[in-house]
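Some notes on the structure that comes next.
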Amino acid sequence: MLEDKKQTFLANFVAKTADKDSSLAKQEALKALENLEFPTTREEYWKYTRVGKITNANYSQSPSFNVSDISRYLVEGLEAYIVVFVNGFFSEELSDISKAKGITICPIAKARKEYVDQFEQYFGGLSKHESQFFSAVNTVYNTNGVYLNIQKNSLVDKPIHMINLTDAENAAYNPRNLFVVEENAEVTIINSYETVSGSSFTNSTTEIYVKEGANVDSYILQNQSETSNQVNEIDVVQKANSTYTANTVTLNGGLVRNNYNIEVKGQGCETNLYGLYLTSGNQHIDNHTIVDHIEPNCESNEVYIGVMDDASTAVFNGKVFVRSEAQKTNAYQQNKNMLLTDNASAYSKPELEIYADDVKCSHGSTTGQVDEEAIFYLQTRGVSEVSARKMMIRAFANEILDNIKIDALRDILESKIDERFS
């Protein structure tokens, strides 16, 4: 019965991909899918997340031609290169990929044909398609995505904003992104997921190669409908003296699972993972991170903060490996959760696995409710109860928002948080 269910699920994607590639990664993923099953809570990696909402549904993969205006999905006041996908299909009309020195940016289907050598060198080298079911599905059935190459010593003059829109009922797509940031290059990437109408399943995989001395500042904004689900895998490898910073903000979505896998494979690296998630209703948000310190003299910081309302649930499972050669590692991990109701739940599991003896590593977790004494104090100063609670939530979230370097983006997120708890 389980095998029949798996085949029924995979039939949603068979022969519907936009590009028929025969890469080694696809061959490996096809073979892996023969043995991989749906994740269950019996697996430690998926202990707190049930995927029935995803696996029990029927999906369609078809382009939408109804979206003509994307102004509401842009970051107001921000100049950026715009790449738009609707239901997983690239929209040239809605995109604005102007020529810029030191940048190669195009749909990944085009990269397979025009940048064959570079593409084959990197594609599938980091993704977990041989061990993780959804990663294997993406590798075999990916529809499209972005190929980005930032040339050596290049400083990209403005952010690259990838906008993923869904506009159909039970739409499903497998966006696949490949970013190669060469030595001493710098780039800012915004990847947003929005629902125009209907419901969807988004199964995204992004591979990021951060070469020596490179700097990548990444933002993921998840704001899909409450009937939409997403599995998002981000695989990163860092070389010496590089910096990778990821800010993941989950504002909405039914079931959202974010998997970060970071390999720190050079000395002098800095890795920063910041996350903010807001849940309500019966939403379920799961952030799962792995930072693998392989070389010495590196630093990683992880701070994830959540606000849970109604009967929603959130999960944080962060694991830091410090290999025996990774002496002088400085690793910090913190998860904080605020429960607004008695029915909201948070599962927190920060982990350290250390094999070196000259390191500085710490982790912590706190979960609690709004401080009623602080609310009362603000009320005695003439602040209404609603405004007082909004102030407390904003102050709680600011620890993450303060890390956002793009002022226009931070302003939008602050206004959205205020609207959420108005």
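The values are calculated or read from the model by the stated rules, or taken from the named source; none is laboratory data. Note that this is a predicted model, so its numbers are computed, not measured. Methodologically, a virtual Cβ is constructed for each residue, glycine included, from the backbone with ideal geometry; neighbour enumeration extends over all protein chains shown.
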Subset of region 289-306, residues of a type in the set (A, V, I, L, M), under 17 Å from Ala346 (Cα atoms) and buried (at least 21 other Cβ atoms within 10 Å of the Cβ), comes to Ile305
*Out of curiosity, is Val231 closer than 30 Å to Ile70 by Cα, touching a residue at least 40 places away in the same chain (Cβ under 8 Å), assigned to a strand (DSSP E or B) and outside the structural domain of Ser362 (by TED's automatic domain parsing)?*
yes
The condition from (1) surrounded by fewer than 23 Cβ atoms within 10 Å (Cβ to Cβ); (2) of a type outside the set (A, V, I, L, M); (3) under 20 Å from Trp46 (Cα atoms) that Asp342 misses is numbered (3)
Residues of region 164-178 being buried (at least 24 other Cβ atoms within 10 Å of the Cβ) and part of a strand (DSSP E or B), in sequence order, are Asn164, Leu165, Thr166, Ala171, Ala172, Tyr173, Arg176, Leu178
ask   = Somewhere in region 250-259, is a residue assigned by TED's automatic domain parsing to the domain that holds Val146, within 19 Å of Ser127 (Cα to Cα), charged (D, E, K, R) and buried (at least 22 other Cβ atoms within 10 Å of the Cβ)?
value = yes
Filter region 25-67 for residues that are touching a residue at least 12 places away in the same chain (Cβ under 8 Å) and hydroxyl-bearing (Ser, Thr, Tyr); the one that is farthest from Arg176 (Cα to Cα) is Tyr48
_Can you find a residue that is outside any strand (DSSP E or B) and under 27 Å from Leu413 (Cβ atoms) anywhere in region 358-371?_
yes
Ala11 passes all but one of the listed conditions (1) in contact with a helix residue (DSSP H, G or I) (Cβ under 9 Å, 6 or more places away or on another chain); (2) under 22 Å from Thr202 (Cα atoms); (3) at pLDDT below 95; the exception is number (1)
